[in-house]
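Heads up, the thing below is written out as structure tokens.
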Amino acid sequence: MGLFYKLGQLAGPKLRKGRWLWESVTGSEADIVEAEHATGADLAAALREQAGVDDDVELRRWVRKLGGELAECVANKQRKFAFEVIHGDEPNAMALPGGFVFINRPLIDLLNGDADETAFVLGHEMAHVIKQHAVDRLISDATFNTAMRAGPAAGVLGRWMSSTGRKLLSSAYSQDNEFMADKLGMRLAQAAGHDPHAAIRMLHRLKIATGAPDGEPLSTYFATHPPFDVRIVHLDRYLRGVD
């Protein structure tokens, strides 16, 4: 039985439908996007409950405005995105299937609230959704598949999120996927009117902020991503039209 069938048994008809659409060559792109969104919505609700939403209403409004401007630049208008600021002890951002993007205050503070740099981070996470990296990760994760067999969806997702879920969702994808997300995130930010060079400035600043010559990571979020220097080289080459 496929992932969406297992989810559907626990979470209702939308996800039961999603299983068939995902595995069927006859399912339209719109149907697949809808099924992906249904999965992400349940996960997003569990994450908001488990992590807690930041109390700063103005900060949340600012992030949603930035994200909304980026979403307007996404070519596939069937994709919808939602943006939220959650609590956290160390800098972090993550994306869920269906377009649910989360960032926390420590990361925004680390970026000094710079709109161009924050837009790049949001765009990077959106790229993981657009390229279906986010849903591919869940489908291939054994702990998620096991959790879905355990009981009612809401409680299971909350327990999974508090144990292995958040760590999985905030860790890096493959190096190629991360480079792809950097490039697409930069393009989205630029299309929304932000300085594309802000991505490189951000990575330089984060490297300096480590206080270590070898770029020792600031947190788990950065530790699992490719080294800053490598990402900077890739983005610089891309901006110059070399890559």
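Rule-based calculations on the coordinates, nothing more; no lab input. Please read these numbers as outputs of a predicted model, since none were measured by experiment. Counting neighbours? That spans all protein chains shown, and the Cβs are built from the backbone with ideal geometry, glycine included.
Among 82-88, 54-60, 101-107, 111-117, sorting by the average number of other beta carbon atoms lying within 10 angstrom of each residue, highest first, gives 101-107, 82-88, 111-117, 54-60. With neighbour counts taken as other beta-carbon atoms within 10 Å, the residues H197, H234 rank, fewest first, as H197, H234. Using the Cβ-Cβ distance between R201 and L168 with R0 = 25 Å, the FRET efficiency computed as 1/(1 + (r/R0)^6) comes to roughly 0.25.
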